[in-house]
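S.K.: Sending over a structure as structure tokens; questions will come in a sec.
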């Protein structure tokens, strides 16, 4: 890109909850980011946000914002159904794009968005922010180094009671805007991590229901998965149980690896716990770094270890990774294709509910009907 | 029963691993139990066991042992496929029976065993020993008292690497003797707890495979369940990952309840953790008993609590519950029907694997083919 | 005593903070206690308290209350300097007495109080409520059974920032009423536990200062102790640091025993932790009861164990122990002599500050000047 | 110094336990260190050590080693009584010196050693390795930034049972070689940290005894301290209790700060725990970095925080700090004066035992008699 001063100028479209809690603070904290403009169809909110975060310009339509030549990149944080048009407008205006998850609400749109970005040679990163927790990154490294052997079991949950998150509107429970409730907002993060940490999913069987919350949408999601490597797993998420529960458990032939990301409780009380049967001399240094033995001279080995990495802001790390990819013209850590693949699993889960059984991936359908409850 | 001294005389058939690790020590410790006889077709092992534990008589055939009139009750701890004939012999000899899990290897056998016990008016308890952990009992009470509201989510795992348990033989991996490997040995405990803690299972979809261990049997079990109350869950078990992992997580509309039963690690480090949104004044006293606040005067309420009950021997508690039921002629805590219902879920899981999809309960088939790997 | 219905009728004199937080709730909860009367010179408070807790009678003078023949026992919870006259009035009226700590503000008074109680043949218990925590009782048992060998090291702290406790008045910081601030209110509990758990103290050297709080009294207490058994220790307490810190550490020749009583934090996070080098087969059953091993079959031995006993109300246990001693005419768990001995250590600490050095016990002086800051 | 390649060539004198466990591995790991020579009067041990760690030269006398011109710096790890002559020989040969603690066995020697180093313009660092734990460094920073206000309470312990450490000889229990047992080996570390973290000690009263171990030396050390800032504290150490216990507790007017350095147990289970009453916006970033809240959006503030820094090798960090000071000609982190001041506290403690009372600092005596037991 032509920005020679090593800084990326951002426009943010959709200044609701996630922009306010994640993206705008990240731009504010990053030394490599500048907030050039914000855009929202709600003028009052757009103005207030621009003032609060010091945006140079305020827009009420995306068409106008993309004409601002100062803007290098756009963060798309609008309701899901608008991601498509926002991304296409941005791409055609040669803006790099960090698009919130889900990439789109159906596979056809997602493919088109990816294609338009390619044509315009702009970078497209999808907002799977949980990959940027230090816990996730350490887990990825440990698995790649074989510390727990081949991973044949994966259990992951993300529960967050419906009223907990401070959302400005409840569009998340309007399926025509969101394309899905609990599955597309919460479970989708765990689907991404399943692919990232274990590998591609080959088939799913889903049990998705509405059991309790005051919106007539999915609030209890259970997805049984078979992985390409021969392993199995279950991804679950709900909107009805109090507190946030978010454990991820990985079972391998030579060890276990458990991580907890954003919320803690006495049961899931450590960020990372590892057990490995590997020879200690072959283990990566990070295990020694966090091995607090009972006695100073005890050696690491065939014992549980907890790792408590610094709790660095995952949204800031996500933004900086995007900026680095923009500045260095490299592939982003989470690509449009990742966004598409994850969405395909969501759609396969929908189909599984509609047809009551296993659904193989890849899907042939580009559009799957959202189950109704 | 006619035993007037308030003590039950036991015969134990099958003196392998579980008898040695669980039943014989329990009889030894219980003030209400006496070891009258042991029986095993392996004469050497029968003799050694009788000597070690002080049995008055030693038998090499069940037909002979059941003729011993001193014996009030028989513990059946033979390989699964022999449970049927052992139970029927015992019942016809008017002995009360504590039969190890699984009750049988198919539903037809299980029904016949229950019927013969009824006809002979003898008590039949199935060895779901995990119900007798204090953690399980406390969880049951808390759920019944509504502390976490309606339970719509259930996750339970029991992993134990194949070589960990000190078994005398490897019959557990001979499907013709065991009727199933990981599912019928480990997952079955979690199926029982699912029914006990949440309620009846209405349908299952199972992913059961062999991925790693040196026996050509199921070593990776994942069962997606829908419950009659509208909730969902996933039960998993494996024989390939090191260490024992055994967390159980329950998600309700007004709280969360997590228990860990027999093994601990830094991630699953407490026996019970509870979060409830209920008004503190309505909560059961046990929560106050184990609420160690940061400051003396802090009040319980909308906060996580850990409970660390005494780790009483669950096998001793199981035996004493059986003895009490025998002495007081009451229904045992785990009935033959419980054993049958749990076995039905196992068979439904087999059918789900064979037919690749959801299977509704109750099953029509009495015999389901064991999947081969 | 003549009360034949197995219940003790109480009068409570001094209805300030500790009566309200500890004694009145304990009487309310105990099945063996009845609140007959309350007494306070503050009429408004006396009336309000009587109404709140359902006392049958209200008095504004102790002389009147002791004439009530229904009253079997009196709890003395007035400012320290009044303990003497309250106890003597009660004893002469043949009432049994549970007197808050400190027993008195000088040794002469304490001796006289004990003597009058003896003459009148009434029972005198001093309110060292911390002996009644389950943690303390378990520690006492473990030490008596030799689990940690001979205890030669004792470290104990009780810090509670001056504004934390919800006191109705600040008499605790008026030395003419209290006879001492931090030392006589907080450190005194630890002196009692030192004697209870390790044995008699033979000499002390104290460093007691005022460093920070807005009352010109001792707020930083450090007492170095030599014990009769040859061991050493340090008791400390302060009124300036935030939160409550209350760890007690005992170091023995064959083990370590750490307890935390009323407040918890991530550093002092468990109620009891024990390490012992004893042969596991010789250890008391309670260690096995709370041994949650990594794997089910792991054996106890030369390993740390945490014990989390039920957090039963120590004030209720204190009251019930007093009632049992009254009803069964036995020696109370904490005698007047205990109160005297602990007070003697406080006075020795004062003398140590005044004279800048070690002070041997027993003291010859009956009255020691309170150091001023 | 003239070494232009940014690397320091080391000679190590005294290749016993601490050289083997600490210094030689540190030299091996450091990219800025090279092992040029080892020296020990025990020829066999010198040869074996040189071979094991790859020393270029082996010496049996210090006089010879100091003539090796390749050597830039010497680590003195001989029995304490020889530190003086080793340091003086090294200094006169213009070698920089990292001398194990204690610097010397009396103050006169220590002053002479410091003086000779100054005269020769060589750097002298004393081996107080516990300052180099990350926990200590973080604590230092937090205190300097006022996170816990003024520190008026300091409790520190270092217990290590006499047989635990793998020493080649038992010179540590020969007072003529060591100048003190438990106090000069263990407590001395805590005296250094007291000075480092709280400030200068103004007076001490010590209770030092022999209670249990099979050497007739001090095995139970308790030192009451008054600090120059008006605070108080107690430093203790013993050689009789099993396991290693090493908690350090600091109580300030606005917070508490607890650290545990080299060994862990369920009671002292975290490396650092902090409580502060400061306004969260004024707190250093490290607290936010390690604040794992119950819910993602919870804010830091008036709550306990645990910090689990990487457990980096404190001896390697000590060596690298020494190397940096050498290469950059800066003052080392632990100076000869620090070694002298700490030794003065040890001598004051001896005097306190000998004279049974408080001893003020600075001491007038340069030599104090070691108490005998």
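The values are calculated or read from the model by the stated rules, or taken from the named source; none is laboratory data. This structure is a prediction, so every number in the text was calculated from the model and none was measured. Please note: Cβ atoms are built from the backbone with ideal geometry, for glycine as well, and neighbour counts cover all protein chains shown.
S.K.: Could you tell me which of the residues B:274, B:259, B:323, B:307 is touching a residue at least 24 places away in the same chain (Cβ under 8 Å) and over 21 Å from residue B:190 (Cβ atoms)? Full working, then the answer.
M.R.: Working: B:274 fails: over 21 Å from residue B:190 (Cβ atoms); B:259 fails: over 21 Å from residue B:190 (Cβ atoms); B:307 fails: over 21 Å from residue B:190 (Cβ atoms).
Answer to the selection: B:323.
S.K.: Turning to a different aspect of this structure: Only one of (1) buried (at least 23 other Cβ atoms within 10 Å of the Cβ); (2) at pLDDT 95 or above; (3) in contact with a helix residue (DSSP H, G or I) (Cβ under 6 Å, 6 or more places away or on another chain) fails for residue C:147. Which number is that?
M.R.: (3)
S.K.: Let me ask you something else. For the list (1) more than 7 Å from chain A (Cβ to nearest Cβ); (2) part of a loop (DSSP other than H, G, I, E, B); (3) crowded, with 16+ Cβ neighbours inside 10 Å, I need the number of the one condition that residue D:318 fails.
M.R.: Result: residue D:318 passes all but (2).
S.K.: Would a scan of segment D:130-138 turn up a residue that is touching a helix residue (DSSP H, G or I) at 6+ places or on another chain (Cβ under 6 Å), away from every other protein chain (no Cβ under 12 Å) and in a loop (DSSP other than H, G, I, E, B)?
M.R.: For segment D:130-138, residues touching a helix residue (DSSP H, G or I) at 6+ places or on another chain (Cβ under 6 Å), away from every other protein chain (no Cβ under 12 Å) and in a loop (DSSP other than H, G, I, E, B): absent.
S.K.: Which one of these does residue D:239 not meet: (1) at pLDDT 95 or above; (2) touching a helix residue (DSSP H, G or I) at 6+ places or on another chain (Cβ under 9 Å); (3) facing another protein chain (nearest Cβ under 9 Å); (4) closer than 14 Å to residue D:157 by Cα?
M.R.: With respect to (1) at pLDDT 95 or above; (2) touching a helix residue (DSSP H, G or I) at 6+ places or on another chain (Cβ under 9 Å); (3) facing another protein chain (nearest Cβ under 9 Å); (4) closer than 14 Å to residue D:157 by Cα, residue D:239 is out only on (3).
S.K.: While we're on this one: Kindly indicate whether residue D:199 is touching a helix residue (DSSP H, G or I) at 6+ places or on another chain (Cβ under 6 Å), more than 10 Å from chain C (Cβ to nearest Cβ) and at positive phi.
M.R.: On the way: touching a helix residue (DSSP H, G or I) at 6+ places or on another chain (Cβ under 6 Å): no; more than 10 Å from chain C (Cβ to nearest Cβ): yes; at positive phi: yes.
The answer is no for residue D:199.
S.K.: Further question on the same structure: Only one of these is touching a residue at least 12 places away in the same chain (Cβ under 8 Å) and either buried (at least 20 other Cβ atoms within 10 Å of the Cβ) or within 14 Å of chain B (Cβ to nearest Cβ) (or both): C:369, C:337, C:344, C:365. Name it. I'd like the intermediate steps shown before the answer.
M.R.: Details: C:369 fails: either buried (at least 20 other Cβ atoms within 10 Å of the Cβ) or within 14 Å of chain B (Cβ to nearest Cβ) (or both); C:337 fails: either buried (at least 20 other Cβ atoms within 10 Å of the Cβ) or within 14 Å of chain B (Cβ to nearest Cβ) (or both); C:365 fails: either buried (at least 20 other Cβ atoms within 10 Å of the Cβ) or within 14 Å of chain B (Cβ to nearest Cβ) (or both).
Exactly one residue qualifies, and that residue is C:344.
S.K.: In addition: Given the residues A:46, A:37, A:55, which is the only one that is part of a strand (DSSP E or B), over 26 Å from residue A:189 (Cβ atoms) and in contact with a strand residue (DSSP E or B) (Cβ under 9 Å, 6 or more places away or on another chain)?
M.R.: Values: A:46 fails: part of a strand (DSSP E or B); A:55 fails: part of a strand (DSSP E or B).
So the residue among A:46, A:37, A:55 that is part of a strand (DSSP E or B), over 26 Å from residue A:189 (Cβ atoms) and in contact with a strand residue (DSSP E or B) (Cβ under 9 Å, 6 or more places away or on another chain) is A:37.
S.K.: Identify the residue in segment C:222-232 that is in contact with a strand residue (DSSP E or B) (Cβ under 6 Å, 6 or more places away or on another chain) and within 7 Å of another protein chain (Cβ to nearest Cβ) and, among all such residues, is nearest to residue C:187 (Cα to Cα).
M.R.: C:222
S.K.: Which one is farthest from residue D:183 (Cα to Cα) among residues in segment D:108-129 that are in a helix (DSSP H, G or I) and in contact with a helix residue (DSSP H, G or I) (Cβ under 6 Å, 6 or more places away or on another chain)?
M.R.: D:120
S.K.: Anything in segment B:150-174 that is away from chain A (no Cβ under 12 Å) and either part of a loop (DSSP other than H, G, I, E, B) or modelled with pLDDT of 95 or more (or both)? List them, or say none.
M.R.: Selection gives B:165, B:166, B:167, B:168, B:169, B:170, B:174.
S.K.: Let me ask another. Of everything in segment C:322-346, what is out of contact with any strand residue (DSSP E or B) (no Cβ under 8 Å at 6 or more places or on another chain) and farther than 30 Å from residue D:203 by Cβ? Give them in sequence order.
M.R.: Those that are out of contact with any strand residue (DSSP E or B) (no Cβ under 8 Å at 6 or more places or on another chain) and farther than 30 Å from residue D:203 by Cβ: C:324, C:328, C:329, C:330, C:331, C:337, C:340.
S.K.: So, in segment D:291-315, of the ones that are more than 30 Å from residue D:277 (Cβ to Cβ) and facing another protein chain (nearest Cβ under 10 Å), which residue ends up surrounded by the most Cβ atoms within 10 Å (Cβ to Cβ)?
M.R.: Residues of segment D:291-315 more than 30 Å from residue D:277 (Cβ to Cβ): D:312-315.
Pick out the ones that are also facing another protein chain (nearest Cβ under 10 Å) and you get D:312-314.
Numbers: D:312: 14, D:313: 19, D:314: 22.
Top of the filtered list is D:314.
S.K.: Something else: Kindly provide the set of residues from segment C:287-308 that are closer than 22 Å to residue C:144 by Cβ and in contact with a strand residue (DSSP E or B) (Cβ under 7 Å, 6 or more places away or on another chain), ordered by number.
M.R.: C:287, C:290, C:291, C:304, C:305, C:306, C:307
S.K.: Is it the case that some residue within segment C:192-204 is under 23 Å from residue C:141 (Cα atoms) and in a strand (DSSP E or B)?
M.R.: Our first condition is that a residue be under 23 Å from residue C:141 (Cα atoms); within segment C:192-204, this holds for C:192-201.
Restricting the remaining residues to those that are in a strand (DSSP E or B) gives C:201.
Yes, there is a match, as at least one residue in segment C:192-204 is under 23 Å from residue C:141 (Cα atoms) and in a strand (DSSP E or B).
S.K.: Being within 14 Å of chain A (Cβ to nearest Cβ) and either out of contact with any strand residue (DSSP E or B) (no Cβ under 8 Å at 6 or more places or on another chain) or within 20 Å of residue B:97 (Cβ to Cβ) (or both) is the filter here, so list the residues in segment B:347-362 that pass it.
M.R.: B:354, B:355, B:356, listed by residue number.
S.K.: Quick check on residue B:205: is it under 23 Å from residue B:370 (Cβ atoms), at the interface with another protein chain (Cβ under 9 Å from one of its Cβ atoms) and over 21 Å from the mean Cα position of the chain (by Cα)?
M.R.: Values: under 23 Å from residue B:370 (Cβ atoms): yes; at the interface with another protein chain (Cβ under 9 Å from one of its Cβ atoms): yes; over 21 Å from the mean Cα position of the chain (by Cα): yes.
Criteria met by residue B:205.
S.K.: Go through the residues of segment C:280-287 one by one and say whether even a single one is loosely packed, with under 15 Cβ neighbours inside 10 Å, within 13 Å of another protein chain (Cβ to nearest Cβ) and either more than 22 Å from residue C:126 (Cα to Cα) or without any contact (Cβ under 8 Å) to a residue 12 or more places away in the chain (or both). Break it down stepwise before answering.
M.R.: From segment C:280-287, those loosely packed, with under 15 Cβ neighbours inside 10 Å are C:280-282, C:285; that's our starting set.
Now drop any that are not within 13 Å of another protein chain (Cβ to nearest Cβ), which leaves C:285.
Imposing the further condition that a residue be either more than 22 Å from residue C:126 (Cα to Cα) or without any contact (Cβ under 8 Å) to a residue 12 or more places away in the chain (or both) reduces the set to C:285.
Within segment C:280-287 (the criterion being loosely packed, with under 15 Cβ neighbours inside 10 Å, within 13 Å of another protein chain (Cβ to nearest Cβ) and either more than 22 Å from residue C:126 (Cα to Cα) or without any contact (Cβ under 8 Å) to a residue 12 or more places away in the chain (or both)), the answer is yes, since at least one residue qualifies.
S.K.: Does residue C:244 satisfy being buried (at least 19 other Cβ atoms within 10 Å of the Cβ), free of Cβ contacts under 8 Å to residues at least 40 places away in the same chain and at the interface with another protein chain (Cβ under 7 Å from one of its Cβ atoms)?
M.R.: Working: buried (at least 19 other Cβ atoms within 10 Å of the Cβ): yes; free of Cβ contacts under 8 Å to residues at least 40 places away in the same chain: no; at the interface with another protein chain (Cβ under 7 Å from one of its Cβ atoms): yes.
Here the answer is no, as residue C:244 does not meet what is asked.
S.K.: Identify, by number, the condition in (1) over 27 Å from residue A:111 (Cα atoms); (2) crowded, with 18+ Cβ neighbours inside 10 Å that residue A:57 doesn't meet.
M.R.: So residue A:57 meets the others, but not (2).
Yes or no, residue by residue, for (1) surrounded by fewer than 23 Cβ atoms within 10 Å (Cβ to Cβ); (2) touching a strand residue (DSSP E or B) at 6+ places or on another chain (Cβ under 8 Å):
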| position | (1), (2) |
| --- | --- |
| C:164 | yes, yes |
| C:174 | yes, no |
| C:183 | no, yes |
| C:193 | no, yes |
| C:202 | yes, yes |
| C:220 | no, yes |
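S.K.: Just give me the residues in segment C:247-263 being more than 17 Å from residue D:259 (Cβ to Cβ) and either surrounded by fewer than 23 Cβ atoms within 10 Å (Cβ to Cβ) or at the interface with chain D (Cβ under 7 Å from one of its Cβ atoms) (or both), in sequence order.
M.R.: C:251, C:252, C:253, C:254, C:255, C:256, C:262, C:263
S.K.: Going by the conditions given, is residue B:23 free of Cβ contacts under 8 Å to residues at least 40 places away in the same chain and under 23 Å from the mean Cα position of the chain (by Cα)? Talk me through it step by step, then tell me what you get.
M.R.: Details: free of Cβ contacts under 8 Å to residues at least 40 places away in the same chain: no; under 23 Å from the mean Cα position of the chain (by Cα): yes.
It is false that residue B:23 is free of Cβ contacts under 8 Å to residues at least 40 places away in the same chain and under 23 Å from the mean Cα position of the chain (by Cα).
S.K.: I've got another one for you. Check A:258, A:291 and return the single one that is modelled with pLDDT under 90 and closer than 20 Å to residue A:141 by Cβ.
M.R.: Exactly one of A:258, A:291 is modelled with pLDDT under 90 and closer than 20 Å to residue A:141 by Cβ, namely A:291.
S.K.: In the list D:87, D:81, D:116, which residue meets the criterion of being crowded, with 24+ Cβ neighbours inside 10 Å and either more than 14 Å from chain C (Cβ to nearest Cβ) or under 21 Å from the mean Cα position of the chain (by Cα) (or both)?
M.R.: D:87
S.K.: Pick from segment A:208-221 the residues that are within 27 Å of residue B:356 (Cβ to Cβ) and more than 7 Å from chain B (Cβ to nearest Cβ): which of them is nearest to the chain's Cα centre (by Cα)?
M.R.: A:221
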